[in-house]
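I have placed the structure first, in the form of structure tokens, so that the comments after it can refer back to it.
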Amino acid sequence: MWSGKFSISLLLSFILFSLFHAQAFAIRKSYIVYLGSHAHGEGVTDADLDQVTKIHHEFLESYVGSAEKAKEAIIHSYTWHINGFAATLEEEEAADIAKHPDVVSVFLNKGRKLHTTHSWDFMDLIQQNGVVSSNSLFKKARYGEDSIVANLDTGVWPESPSFRDEGIGPIPSRWKGTCQKDNTGFRCNRKLIGARYFNKGYIAHMRPKAKFNSALNTARDYEGHGSHTLSTVGGNFVAGANVFGLGNGTAEGGSPKSRVATYKVCWPPVDGNECFDADIMAAFDMAIHDGVDILSLSLGGTASDYFDDGLAIGAFHAIMKGITVVCSAGNSGPTSGTVSNVAPWILTVGASTLDREFDTVVQLHNGQHFKGASLSKAMPEDKLYPMISAAEAKMTNESEENATLCMQGTIDPEKTRGKILVCLRGVTARVEKSRVALEAGAAGMVLCNDKLSGDELIADPHLLPASQITYEAGVAVFSYLNSTKNPLGYIHPPVTKLQVKPAPVMASFSSRGPNTVTPEILKPDVTAPGVNIIAAYSEGVSPTDMNFDKRRIPFITMSGTSMSCPHVAGVAGLLKTLHPDWSPAVIRSAIMTTARTRDNTGRPILDGNGVKATPFAYGSGHIRPNRAMDPGLVYDLTTNDYLNFLCVLGYNHTQIEMFSAASHHCPDIVNILDFNYPTITIPRLYGSVSLRRRVKNVGAAGTYTASLRVPAGLSISVKPKVLKFKKIGEEKRFKLRVEVTRPGVAMAFGGLTWSDGKHQVRSTIVVGGLYCERKQNSKRVDVLQVKMKRARETEEEEEEENQVECLENNKKNAKKRDVCGVNFMKEEEKDEGCSELALGVFDFPWLKDGVTSKSEDHLFGFQDNFSSFLEQEDASFKADSVESSMAHIPEAKLEDVACQPFENNVLELEAEDVDCIWSSLLNDPL
């Protein structure tokens, strides 16, 4: 055994060694150093670009100590339009660089995920008999002829029939791109005019976890996602396209006669991410240089600050050059606040169904039938098969929970062989569950939706006869399995069904608002078909993306906002062809203000669980391409508008000027609610607010009249109510006033429509923007026995009790909630304020019509304020001078109470007390 003295000596030696060599072991990560915009002007040369790279190296050299270290550290040097570089740095180096006055921001090279035919008929671009109407946007825009559309994705399978160039003329002379060489025989043509790949950011993040395969230095798609999305944007006409004989028809993209290009930025997943910001920004920089018109990005990550978001930065540089950028909203629904790609210069797309299904009926021996979805093959024999739940078929040592989900290694083949295995959706991929069933010897699989997935059905190319059924159907199937000793069933082969109603229905997976970065901007912007979409696929991978699956097919169905995004990008390509002078903001406005919020039955669009969907799911609604080509009026935005928007968010003058490479002065007064977005969102409304918009005429001269859809609890007015336009390009301004008339609704949705009798220019209005989540482990609160205290100033965490004076106004009409001024008064002045009885109650809108003590109004959504209030107060406070019985809500959670109707007697108050409470509430709520 070592002596204590020797052990201490050894420990001290180790500490000294660690201190002296800390630098050698410091963790290095890849960062992006963003320096703003270049101002090259016309005629930039290779020497100019080389000089930019040299400047970047010299800049970094001053921080890392030598030119050799700087050269080794730099991953990408952005030289065309985006100014900056990506490099592997230590955290301390990155922090030091961020302090330099010429640096806009420094942020980690974050990873992002992919958001993974008949749809054009569904959107009325093609009639049901396959004929294209002369009034269709397809015809009017010459199928997007010679517009250049591109994606940032997993690359492309160039041999796909969707990218053949028969009947396509010479490549437009304005194209500056290239077809990057590789060793796979990749070739471009007059249809697929460009292909590049970017992987240095990916490699930098991956090291030393795995060795990158140099054979994948190619724009060729070995995943299938990029081929699918690019063909949806701009694939050529392909007759007879189908998936295993289903959905047979002509496949085409949104701009079928456009030229397409791909920028490969997504690679095999590492740490759950496939696409990295360093590569995304490099691709943006090159795409802008190459001359694309439309960029489609079916990828994203968690929404973040705009100057720390490589995709948002790249998109801004693109729109400054007139390039429309369309992005997917994400697949993290139906949870609120999950929408990604939320920058206001991006057109963000949610996903919904179309009126086509691939029905696979599940038949039970008791006579019940349940409609499901699948692209699988038929069962071997036309007979009833034994059925077994996955929990019953579990391996002895496996948990019932994991087995129910049919996770790998949980199912016992001895119990399963020859039977239909019933699995629950969730955790693992849907087709992965069919693999588990196949390997266990099952004859088929029934995949039951969990409650979160509701009625959402996705047709997958399962490895054995299978059917995915709804949550309610799944409950019935499990009930049947538990009711008999010998359950029997059959899975009918899939059939294609058209003109399904209702459609569209919002996909449960589609990410939802509100926008967590800038709540005043409603996201997503629109929805489009994103469920069971047939498009091109890579023949370098199986339809299940599993190595043991040897099948290869040219077309496949995929679902996700990844699929809805290129639908909108394709329409944007058509609009750009038809209206080459339209800005990205005008194109977005035209698509948004002409969208619809009703399905093919004439009823409001539903969510995946069967309830009415909201603008947080679909934005302005489902796109209508034929309406978008002639919107009448548009909400345009200039670069200055975007820069003023950034001013409001608190970015400093230097950052903004470097961002735009131009002089810009932030206005002294600017209201974010006046930002000229096609939708109107007021996250919180206390009392009233006024905001302004301007509209531009892009049609014939005409007179537009405003109409309003006003939700309960609000009063909305517009001035002027009539706008007269004499010519194209003329702009008019209007003012909208929104006022609370009946507090108690957490969120309210309305609309403003300008119409000249032909055009309907519709803007969604969202007021409230609060969403309630029921949090676990909240402490018990007796909500009506808490004495109301005055709001406290907490900026410097100094508690100072304030007194509120309510000005008595309009006492004759006690029903009118008086918006009186609020002042924080000195102690001796408080006797002029609310009575002691009023001070003894909480700020809930208990009082019906402002007078009585019985109310069924929903309580105001002030949970955030309640929480901060209770942190400062003793929960044991009782109301003073209260003789009336007060309702007690055991185990009440503040978050719950703010969203539930209140039906109990509370407290009788005088009308003056009512006015005083409401005035405090509306002017300066807790």
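I'm told ASN600 meets every condition in (1) surrounded by fewer than 24 Cβ atoms within 10 Å (Cβ to Cβ); (2) assigned to a helix (DSSP H, G or I); (3) not charged (D, E, K, R) except one. Can you identify the failing condition by its number?
(2)
Is it fair to say ASN626 is open to solvent by 40 Å² or more (accessible area, probe 1.4 Å), modelled with pLDDT of 85 or more, in contact with a Leu (Cβ under 8 Å, 6 or more places away or on another chain) and part of a helix (DSSP H, G or I)?
It is true that ASN626 is open to solvent by 40 Å² or more (accessible area, probe 1.4 Å), modelled with pLDDT of 85 or more, in contact with a Leu (Cβ under 8 Å, 6 or more places away or on another chain) and part of a helix (DSSP H, G or I).
Here is a yes/no grid of residues against (1) touching a helix residue (DSSP H, G or I) at 6+ places or on another chain (Cβ under 8 Å); (2) among the small types (Gly, Ala, Ser):
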position: SER147; (1), (2): yes, yes
position: ASP165; (1), (2): no, no
position: GLY169; (1), (2): no, yes
position: ARG187; (1), (2): no, no
position: GLY194; (1), (2): yes, yes
position: ALA219; (1), (2): no, yes
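For region 556-581, give me the residue count where each residue is open to solvent by 10 Å² or more (accessible area, probe 1.4 Å) and more than 14 Å from GLY530 (Cβ to Cβ).
So the answer is 6.
Given the criteria in a helix (DSSP H, G or I) and open to solvent by less than 10 Å² (accessible area, probe 1.4 Å), does ALA535 qualify?
When the stated conditions are applied, ALA535 does not pass them.
State all residues of region 248-280 that are in a strand (DSSP E or B) and buried (at least 24 other Cβ atoms within 10 Å of the Cβ); if no residue qualifies, say none.
Within region 248-280, ALA251, ARG259, VAL260, ALA261, THR262, TYR263, LYS264, CYS266, TRP267, CYS275, PHE276 meet the criteria.
Pairs please, first residue from region 398-409 and of a type in the set (Val, Ile, Thr), second anywhere and at pLDDT 90 or above and assigned to a loop (DSSP other than H, G, I, E, B), Cβ atoms under 8 Å, 6+ apart in sequence or on different chains.
Partner pairs satisfying both residue conditions: THR404/ALA390; THR404/ALA391.
Quickly run through region 134-174 and pick out the residues that are closer than 23 Å to GLY185 by Cα and in a helix (DSSP H, G or I).
PRO161, SER162, PHE163
Residues being of a type in the set (S, T, N, Q) and at pLDDT 95 or above: count how many of those fall in region 703-749.
Number satisfying all stated conditions: 4.
So, TYR480, is that one touching a Pro at 6+ places or on another chain (Cβ under 7 Å), farther than 23 Å from LYS612 by Cα and aromatic (Phe, Trp, Tyr) or not?
Yes: the conditions hold for TYR480.
The values are calculated or read from the model by the stated rules, or taken from the named source; none is laboratory data. For clarity, every value in this text was computed on a predicted model and none was experimentally measured. All Cβ positions, glycine included, derive from the backbone under ideal geometry; neighbour counts span all protein chains shown. Side chains are part of the model used for accessible areas, which takes the heavy atoms of the whole protein and leaves out ligands, DNA and RNA. Shrake-Rupley method; radii C 1.70, N 1.55, O 1.52, S 1.80 Å.
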